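The values are calculated or read from the model by the stated rules, or taken from the named source; none is laboratory data. This one's a predicted model, so the numbers in the text were calculated from it and none came from an experiment. Cβ: placed from backbone, ideal geometry, glycine included. Neighbour counts: every protein chain shown. These accessible areas exclude ligands, DNA and RNA; they are computed on the full protein's heavy atoms, side chains included. Shrake-Rupley method; radii C 1.70, N 1.55, O 1.52, S 1.80 Å.
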Amino acid sequence: MTLEQSEIRSPQDLISRRISFYDNDSDGIDILALLATQGIRGANLIRKPWDERVDALINNDVDAIVVYVTNDPHVFRERGYDVNLIYPRDYGVSLYGDILFTHQQEAEQHPERVAAIRRAVIRGWHYALDHKEEIVDHIIEHYNTLGKSKAALMIEAHGMEALISRYTAELGQFDQGRIDYIVDLLDRLNLLESNGIGGKHLVFSSNTKGVLLTESEKAFLASLDRIKVGVEAVGYPPFEMLNDNGQYQGIAADYLARLEELLGIRFEFVQEDTWLDVLENLRSKEIDLIAAAAQTPERLQYATFSSPYVRSQMVIVTRNDVDYVASIRQLQGQSIGVVADYAPDELLSRYFPELSLKHYPSTVDGLRALSVGEVDAFVDNLSVVSYLIHREGLANLKVSGQTPYVFDLSIGVRKDWPLLQTAIDKALASMSSEEHSAIYHRWIRFEVVEHVPWKNILPFIIAAVFVAMVLVYFLLQLRSKNQLLAQVSVTDKLTGTYNRHHLDHILMELFKEAKQKRQSLAIVLFDLDRFKYINDEYGHQKGDEILQQFSNIVKDNVRSTDVFGRWGGEEFLLVCPLTNTEQAIQVAEKVRLLLSEQVLIEKEKVTVSAGVASANMMPNVDALITSADKKLYLAKEKGRNRVE
């Protein structure tokens, strides 16, 4: 980082300059690699602690300093200094950041302990990123040795999330190919003492020797004969079902077969008439395990659950003549079908007691009842209803909306066998992402041509001349369903706007296009003010209504070319192509004024703060988001209800 007035803006400008550096080379290895790749050898590195580096740059004792981009530039701007940033990644040097290390002996002799520490650290990072303000308050209270402001720490937290890219890469993920490339790069630049084996064996793998079980887990599994698995007679396709020969098959069956291989255990399948019978037998310990179940408060009383191996949205199915269902409460006064004792039955009964539920023995029975008009809607798992609609030829049905819930399908184990549950968790974690994907896609397919239900259609064809008409109609309906499913995957279920995942994708594409064509692009990051207070004081239902009202105001007052969606919680992102900073500020101000004028809670105005950033001079999307984040928190710091 350099001061703006120095006009040092590229690595070549650093030749013969004084650079304040870390106490050791390893902390700034990416900077050393940048200098080496640019042919800058023997740079004048002055080693100083962080607080001395800051004063040295301000006093012109050095020309540049190494910094953490998530925080240090903000410290300078707080003091009134504009800065230039030189990113190594913009010049082809992209290394891994903070890394958790262990000793080779520890990894070889106590792999389960290393794996446990790794899982705990990753869970800690997830918690910190999901609870930024709580962590910042804790730092200020206990660890703020540098005296940073809350605003600076919040900016650091948001900037760190952007750099981590947690929504595009799994936390803790290592790519062996990238490790090999980094080791080779540092070796070629003479920045590494070679050990002759390159990057091999550097990355700890929890499945290098199979599943890493504790001695207690191994002993418990060895004590088991056959583990009894409860199976409902009608099944829950495509997750579990019995074929014509009575053989257990489906996604869950494939996972159990893999668990037998990984853990050296054997399963015995016990058929029950109803799902309630399955659950009651698990409660009474007549069976030991259920293979495809959602974790619910009631089931936790008698079972423990593995980590989910499939996640699927709980959706609302209607006939084709029904418009989009924006909320489950929209169905109040109508008849809603659910499978008795399934998760939708338990959750809707518990949290939406005002709804009128009608119970069916299986999902296929409920869908057939909906098809002939016995009920107005049916609620169940997206993957299951999609599979059955295709298989049964129920072409007059469609997915019309989402519920607030998802099916995190897990393996449920009787509560007095916790060691089996932890062993299963470890086995599932040892499977590669390719293995998980292969099992899922073996059963879940949406290709229309593979699911034309000739067996169900043929009995209703009166004459051969109508065959083509029926098939054309059916294909059009299925295409419509696939379009709806695609819409569900990119849409936030509460507000009907784009979700974070889709915004990431669109922003990346628009950013690339703007850079290639040298066009302007601006973003606005909105954050509803005092939203936690609104939820606490008036309830989450009122908070949901506010989010929906705000979304409608923005959608009604932006261009069709603009992209708007929910960034997370009470934060929203507006992406404005062919728009400069001043124009984006005007749009944000218009939204801010409309919200404060139109939305009230008991005569109290609801307000929003916004941060505006332009892609001009931004090296990448992460930097653009970080810039908008900083502006947003500046607006908050200046009293909220403003645009910066």
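Show the residues, 5+ positions off or on another chain, whose built amide H is closer than 5 Å to the amide H of GLN334. When sequence neighbours closer than 5 places are left aside, the close amide H contacts are SER356.
Rolled with a 1.4 Å probe across the full set of protein chains, the surface gives HIS103 an accessible area near 120 Å². Backbone geometry of region 428-436 corresponds, through the Karplus equation with coefficients 6.51, -1.76 and 1.60 at θ = phi - 60°, to 3J(HN,Hα) couplings of 4, 5, 6, 6, 6, 4, 5, 5, 4 Hz, x marking Gly and Pro.
The magnitude of the dipole of the chain, with charges of +1 and -1 set on the Cβ of Lys/Arg and Asp/Glu and taken from the Cα centre, is near 1120 debye.
Remark: spin-label model distance SER94-ARG518 equals 2.5 nm, labels positioned 7 Å along the Cα→Cβ axis. Computed over the alpha-carbon pairs of region 500-638, the distance histogram in 5 Å steps reads 2, 10, 21, 23, 19, 12, 7, 4, 1, 0 percent, short to long.
Cross-link partners for LYS398 among the lysines, with Cα-Cα distance under 21 Å and sequence neighbours closer than 8 places in the same chain left out: LYS358, LYS455, LYS481, LYS493. FRET efficiency for the pair VAL490 and HIS359, taken as 1/(1 + (r/R0)^6) with r the Cβ-Cβ distance and R0 = 30 Å, rounds to 0.35. Quote the FRET efficiency, to the nearest 0.05, computed for ASP13 versus VAL270 with a Förster distance R0 of 56 Å and r equal to the Cβ-Cβ distance. Efficiency computed from Cβ-Cβ geometry: 0.15. Note: relative contact order over the chain, using C-alpha pairs below 8 Å and six or more positions apart, is 10 percent.
Taking the Cβ of ASP492 as the centre, find all other residues whose Cβ is under 9 Å away and add up their charges (Lys, Arg: +1; Asp, Glu: -1).
Every neighbour counted, the sum reads +3.
In order along region 185-191, the phi-based Karplus estimate (6.51 cos²θ - 1.76 cosθ + 1.60, θ = phi - 60°) of 3J(HN,Hα) comes to 4, 5, 5, 5, 8, 6, 10 Hz; Gly and Pro are listed as x. Neighbours of ALA233, meaning other residues whose beta-carbon lies under 10 angstrom from its beta-carbon, give a summed charge of -4 when Lys and Arg score +1 and Asp and Glu score -1. Working note: Karplus 6.51/-1.76/1.60 with θ = phi - 60° gives region 626-636 the couplings 4, 4, 5, 4, 4, 5, 4, 6, 5, 4, 5 Hz, where Gly and Pro are set to x. Calculated from the structure at hand, P(r) over Cα pairs in 10 Å bins from 0, in percent is found among (i) 3, 12, 19, 22, 20, 14, 7, 2, 0, 0; (ii) 3, 16, 24, 22, 17, 11, 5, 1, 0; (iii) 3, 10, 12, 12, 10, 8, 6, 5, 4, 4, 4, 4, 4, 4, 4, 4, 2, 1, 1, 0 as (i). Dividing the convex hull volume of the alpha carbon atoms of region 104-173 by its residue count gives 122 Å³ per residue.
When a/c is below 1.5 the answer is rounded, else prolate if a/b is larger than b/c, else oblate, so apply that to region 1-101 with a ≥ b ≥ c taken from the square roots of the Cα gyration tensor eigenvalues. All intermediate terms of the calculation are to be shown ahead of the outcome.
Values: a/c = 1.44, a/b = 1.22, b/c = 1.18.
Since a/c stays below 1.5, the shape of region 1-101 is classed as rounded.
Distances between placed amide hydrogens fall under 5 Å for MET241 paired with TYR236, GLN249, all partners being 5 or more residues away or on another chain.
Each peptide in 297-308, 88-99, 371-382 gets a packing score, the mean of other Cβ atoms within 10 Å over its residues, and the list from highest to lowest is 371-382, 297-308, 88-99. Between the amide H of VAL375 and those of LEU370, distances stay under 5 Å, these residues lying 5 or more places away or on another chain, with hydrogens modeled in the peptide plane.
The calculated FRET efficiency for the pair ARG79 and GLU106, based on their C-beta separation and a Förster distance of 51 Å, comes to about 0.70.
If you take all other residues with their beta carbon under 13 Å from the beta carbon of VAL62, and give Lys and Arg +1 and Asp and Glu -1, the sum is +1.
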